[in-house]
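Here's the structure we're looking at; comments come further down.
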C-alpha cells in the first residue's frame, strides 16, 4: 500500500492531483468503492442562488394609512418563528398624544431594520451577526457566544437575549385539576411537538437548523429568510390583513418598494445615526381631514 | 460474482461496481434508498391548509388551519371566502393557545363536594363518559317519571347553526319550554332599531368601499364585531374616499383613524341622533329619491326649527277643496309625524347640552353626513343600543339611514344576502303527552310578562331575557329548575351582576356544563363534559356577511381531538338520546335518526355519523348540484367541504325598497310595526301602551312610543356619590370572554389603545383623576351600587371626562391558570359584570351593559 | 492519509449493506450478498455466511415478516421509539427528534415507514459518513469533524441506544440463521464503531 505524502494542505492538494484513474483502481484493490470525483452541488437552491447572484437589497415599506394597529404582524411573526412568551421579533411603538378632546393615537409597527450599516454586525466578535444573502442582517446561533455587544450596539432594541432557558411555561408538569386537565409538558408530548405545541418546523430551514432558541444566545428577526429563500414573503407581510407591509428588493428598479418610495415621502427610524435602515414608513396612520380655517388672533 | 484481490482487473472492477453498486454508491455520491436528498433548502409549508371557521367573535370568518404531523401550527383567512378572503384579524391566532391550552378539560368530571358556592371547591374528579352520560340520563328520566319535565333547562352559549339539535329539539322532546339562549347579552337591542324601521331583525353589513361618510355609533369594526377581518383589510382604502366620524365616549381603535371623534356622554346617543335628523331636514339634505319631498303645492316647503308641519293641507282643484299630504313620501312612512312629535326642537345647541359635544361639531358632522347622501352610513353598534332605554336610541341612529336613502343602497347599509340552508326535521311527531304538557309551561326568563315585552320581530314575548333567568331560578318563578344542561356559556362571568348567577346556579340540584375549561359557571356544576374546540375539532356551520356577500362557512375537524372530547351540539345530545332510549324513552333517538345523509339516504347509527349527516342535511341545497338555488356551485359534498365555504350571489341593491317587512312595507319613521306590537302586548295584559312604557321604564308616552326619539339615560346610583359613568368595551384580542387564559392576550393587551400589558386598567381622564387624587399605576377599586372590582388606574386623554373606560374580558377567578389570579380563589383583574347592575332594555329583552353604571373610585393603599 | 479514505468507505458501505438487509428480501439482495461472500472485508463475509440460494427466498421472507412486519404480533419491532423511553428526551419524542436529524441534513424520507426504522437509521449513518468524506475531499476539515461528531451523537442518542435490545429480540425469535446472524453483526458492528468514534473524537490527531 503506497502512502501518499503528507497531511498538510499542500499535501492534500497533491493528494487530489494524484487521484488518477490508476490511483482509483489501486484503492479498489482493497475491495473498496470506486471513488469518483463527482461534485455534489451542495444545498444551494435556485432561489438562494438568485439572492446572492444579483445582490439583492431586501427592504420593507410600511404604509401607515393601511396599518390599523391590530398587531397581527406581532402575533403571526411569533407563530412562524416559535418566539417565546415575552419576546417579540416584530413589535410596535404606540402612544396617545394631546389633551382631550384634541387627542391622537400614534402607532408604529417595528422590526429589525436590517441596516445596511448594521452596528450589531460591526461589533459582533464572532461573526454570529453577519450580513447574509439579500442583505438580511442574519444571525448564526452556532457561533454566538451571548456576549450581548450587539444588543448594546443596536439603537432599535430589536435583539433579545436568552438569559434563561426559553419556553419556560411549557416545561411545567403541574395540572390545574389533577386527572382532568393536562399540564403544559403533557400537551407538548401528546401532540409530539418540540418545545411548544404549535411548534413550526419551517424555522429549522436556516438559523443553523434550530427551530427554537436556547439559553445563552441572542435572537431577532431574520426577515423570514427561510421563507424568502423558498420564494415566499416574510410571514408578517403575508399575514397583515391590511396589506400594510410591502416587501421587495431596493436593487430592482420597478419593485413595489421602489414604486411606493418613489411616490411617497418616507421616513426611517433614527436615520441620523447612519445605520442606513431598510424599513421605511410612508403616509399617515390618520389621514383625516379638518374644517378649513384661517385661525384667529 | 467473486472478487479476487489478485485477479482484479479493470473489467472485474467495473463489474463489481455494477453489481454491488460500488458498494451502493459511487464514492462521494451517496446512493440513497430510504431518503431523497434535497439539494435545495427544506421547503416551507409542506403541510396542508385545511378549511374551517373561527368563532373568536361573531365575524365568523372562514379560515384555513395549517396542519402538519397532526398538529395545527398556524391559521389564515380562507381565500375562498368572498367575505373575508385571506385576511385575518389578530384574535384568530390566539385560537392555537386555546386548542393546546393545558387547562383544557380532557375527560368528563363529577363533583364530589356537595356544597355549591363561589368559595366551595367542587372537588372535581375524572369519570368515564359512560358514567357521566348515565347520570345525566337518569336525572332526565326522573323528571319524566314525575311529570316535571318543565323543570329541565337548556342554556346555550357559543353556538353554530347545529344548535337546534340540542337547544330546540332536545328541550322540546324532553318536554320543557326552558331553552334559554345568550342572545340578550349580545346585541339584540341593535336589531330592534333596524326591525322597527326597515323590518330587519338582524345585524347589518355596510357597503364601505362605495361610501362617502360613515358614522360609527358605539361600534369599533377595526377591533370588534362585526367582520373585523374584512374591515381591517379595506379600511385604509376607505379612508381615501370617505370621512369617518366615531360616536364613542372613549378613543376606540376606529376613532384613532377617524376624521371626527365625538366623545359623547354615555346614554345620550338618542339626543345626538335626533339632532342629526333635525339638521339634515332643516338643511334640506334628505335623499329625495328614497324619502320623497314636499308636495309642490304645499304652503310649507321646508323644515324649520320649532315649526310644526300639518300632515295635510287643503288646496283648491276645480273649485273644490281637496286635502293633500304636505309631504309626499316615496319609500318611507311617517316623516312628518316624526318631525312634529320629536325632531322639531332638537337643535344642535340642545343636543350639545345633553351630549357635552360642541354644537359646531354636531352641525359639521350632520351636514357632512347629509351632503354625502345616499352614500352615508349610520353604523349602529352595541354602544347606544345595549342600554336601559337603548331600543329607541338604536332606532334613532338607524333611522338616519332612512333619511339619507342609504338603506339597501350602494354605499349604504345592507342586510344579509339570501342563502339556502335548511332547518332540521321537526320535533312535533316525537312529542309525547308528557312533553306536550311540559312545553306549555311559562318560560323561566319571564319574557312576555308585562315588564318584559321582549318584542322580537313584532311578537311580544319572543325575545329571550337571558339575565332574568337567574331571577326565575332564584325565585322558583314560575317553577324551580331541577335539571339543567348548559353548553359553551359562562353566565356567572358574562352576565351583569354576576353574583345573582352564583346564587342561582348553586340552587340548581343537578347542573351539567359542557365546556372546554372549568370556568366560573362550571364551579357550580355536578357533571362536566369536555367539549371540542369549535375551530379545529368540530363539525358545524355559521353564516356571516360583509363586502356585499354572505358566506356559509363550515367548521371542520382538522386534527384528531387532542383529548377525549365530544362535540357539544351534536355528539353529546346523540349520546344522551342513546342512554334515554336504553331507559325506555326513545323519542329523541328516533327523532335524531331522521337526520339522514342526503348522499346515501342512510340514518346515522352513532354520534360521529350524526354530527356529519346533520351538517350535510342542513347545507344540502348548497352543495348538491341537483338542488342548486344560487351562489357558488359545487360538484358535491366533498367539493364543498374541501373549499370550506359557500358564497352567495352579489348584493341586490334596492330590491327591498317598498317591500320591507314592516306593516306599511316602507321604511317607518313612525313605526306602525312597533305600534302594533306594543298594542298586542298591552292587550295581553289588559292595559294600555302608556302603562307598558311606565312599567318598562321608558319616558315615551302617547305616540312618541312609536318613533325614534331621545330618552334620557337611566343610571343607577346618585351622581353625587358615584360621580363617574362606566364605559365598558371589547378588546381586539377578546375571543368573546375566552382569551384571558392565552399568554398572548396578557402579553399584548396594550394593542387596545390606552391599555397596558399584563394588567387590567381603568382609564380615567387626567382632569377627573386629579380631582380624585389618583395617579397611573395606583391600585384602585371601582365601586357601584351593585358591587366592586379591583384593578389598576391609568390616566388617559382618550377617556371622556365624567367616565371611566375599562375593557371587558379579565377578572376571571376560574377558567385557567393564566386567566385567574389564583385558580378558584382570587381573580386576576376585575370583571366589569361584577359592578354592572342587572337591568334591561325591556322592549328587546336585552341586558344593559352601557350607560347605566355609576361608579366611584377608591384608591387602595 | 490514504489509509483513512478506504477505511471510511468500508464503514460507509457496511452501514449501507446492513441497511439493505432490513428491507423485505428480494432477488437483488440475495445476489448482492452472494457476491460478497468471498470478500476480504470481515463484515461482509460474516454477514453473508447464511445467505440462502435464490430459490430459498421464501423462508427468508416469512421470517422477515414474522419478525418485523406482522400482521399479527410483531416479534422484533425494528423501530427505535419502541425501545427508547422518552424520559431522557425532555422536550421531544424520539421520533420527532430523529426526524429533525434528517431534516437538518436536508433529507426527505421516501421509505413508507416510520423515520426510526432500522433501515433508515442505518442508511443515515452511511449518509453521514459520505458527507464526511466529501468534506475531506473539499479540504473542509472542520466540516468533516462536525460530521464525525454527528455520527457519534446519532449512535449515542438513537441507533446505538436501541439496537442491543432489538438484537436480543431477533436472536430470540428469528427462525432463519440469516437474520440471527445479520442482526448479531449489526449489533457488534455498531458497538465497535461507536467506541472507535469516541476514541477518534477524544484524540483529534487520529481523526484523519
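In terms of surrounding Cβ atoms within a 10 Å radius of their Cβ, A:271, B:324 rank from fewest to most as A:271, B:324.
Working ranking of peptides A:225-238, B:281-294 by packing, defined as the average number of other Cβ atoms within 10 Å per residue, highest first, is A:225-238, B:281-294. The relative contact order of the stretch C:4-206, computed from alpha carbon pairs under 8 Å that lie at least 6 residues apart in sequence, is 26 percent. Would you mind classifying the stretch B:656-740 by shape? Square roots of the alpha carbon gyration tensor eigenvalues, ordered a ≥ b ≥ c; an a/c under 1.5 is rounded, otherwise it is prolate if a/b is larger than b/c and oblate if not. Oblate. Dividing the helix sum by the residues of chain B, where each DSSP H run of 4 or more adds -39500 (n - 2.57), gives a mean residue ellipticity at 222 nm of -7500 deg cm²/dmol.
Could you check what % of the DSSP bridge pairs in the stretch B:203-414 are antiparallel, to the nearest 5? Intermediate values should be presented prior to the final figure.
Values: 11 of 25 bridges.
The antiparallel fraction comes to roughly 45 percent.
Write down the percent of antiparallel bridges among all DSSP beta bridges whose residues are both part of chain B, to the nearest 5. Roughly 55 percent of the DSSP beta bridges within chain B come out antiparallel. Kirkwood-type hydrodynamic radius, the stretch B:724-859: 15.1 Å, calculated from all non-identical alpha-carbon pairs. Relative protection proxy for C:109-121, B:364-376, B:840-852, from highest mean packing down: B:840-852, B:364-376, C:109-121 (other beta-carbon atoms within 10 angstrom).
Note down the relative contact order for chain B as a percent, whole number, built from C-alpha pairs under 8 angstrom at least six residues apart. Kindly include the intermediate steps, with their values, before the conclusion.
Working: 2055 pairs, mean separation 157.7, N = 861.
Across chain B, relative contact order equals 18 percent.
What's the ranking of B:53-60, A:115-122 by average number of surrounding C-beta atoms within 10 Å, highest first? Don't skip to the answer; put the middle values down first.
Values: B:53-60: 24.2, A:115-122: 19.6.
With the highest mean Cβ count within 10 Å placed first, the list reads B:53-60, A:115-122.
The fraction of all Cα pairs in the protein assembly as shown landing in successive 20 Å bins from 0 to the largest distance is 9, 32, 32, 17, 7, 1, 0, given as whole percents. Legend: mean number of C-beta atoms from other chains within 10 angstrom of residue C-beta atoms, peptide A:84-95, equals 2. Counting, for every residue in A:229-240, the Cβ atoms of other protein chains within 10 Å of its Cβ and taking the mean gives 3. With neighbour counts taken as other beta-carbon atoms within 10 Å, the residues B:860, B:94 rank, fewest first, as B:860, B:94.
From the Cα gyration tensor of the stretch C:4-206, with a ≥ b ≥ c the square roots of its eigenvalues, which class applies: rounded if a/c is under 1.5, or else prolate if a/b is larger than b/c, or else oblate? Oblate, because a/c is 1.5 or more while a/b does not exceed b/c. Computed from Cα atoms, the angle from the helix B:672-684 axis to the main principal axis of chain B rounds to 90 degrees.
Going by the alpha-carbon gyration tensor, a ≥ b ≥ c the square roots of its eigenvalues, is the stretch A:66-185 rounded (a/c under 1.5) or, if a/c is not under 1.5, prolate (a/b greater than b/c) versus oblate? If you can, show how the numbers build up before the last one.
Details: a/c = 2.30, a/b = 1.07, b/c = 2.14.
Judged from the Cα gyration tensor, the stretch A:66-185 comes out oblate (a/c at least 1.5, b/c at or above a/b).
So for the protein assembly as shown: antiparallel DSSP bridges make up what percent, rounded to the nearest 5? Can you show the working numbers first?
Details: 85 of 133 bridges.
If we restrict to bridges inside the protein assembly as shown, about 65 percent are antiparallel.
When only Cα pairs below 8 angstrom with a gap of at least 6 residues are kept, the stretch B:713-861 shows a relative contact order of 33 percent. Counting only other chain Cβ atoms within 10 Å of each residue's Cβ, the peptide C:133-142 averages 4. Compute the angle between helix B:359-371 and the longest alpha-carbon principal axis of chain B, please, reported from 0 to 90 degrees and rounded to the nearest 10. Once rounded, one gets 70 degrees.
In chain C, the calculated helix contribution to ellipticity at 222 nm averages -21500 deg cm²/dmol per residue, counting -39,500 (n - 2.57) for every DSSP H run with n ≥ 4. Rounded to the nearest 10 degrees, the inclination of helix B:498-507 to the longest alpha-carbon principal axis of chain B is 60 degrees.
List A:283, B:590 from most exposed to least, where exposure is judged by having the fewest other Cβ atoms within 10 Å. Write down the numbers at each step before the final one.
On the way: A:283 20, B:590 14.
Least to most surrounded, the residues fall as B:590, A:283.
Here, each number is a calculation from the coordinates, and none is a lab measurement. Please read all numbers here as calculations on a predicted model, not as lab measurements. Note that each Cβ is placed from the backbone with ideal geometry, even for glycine, and that neighbours are counted across all protein chains shown.
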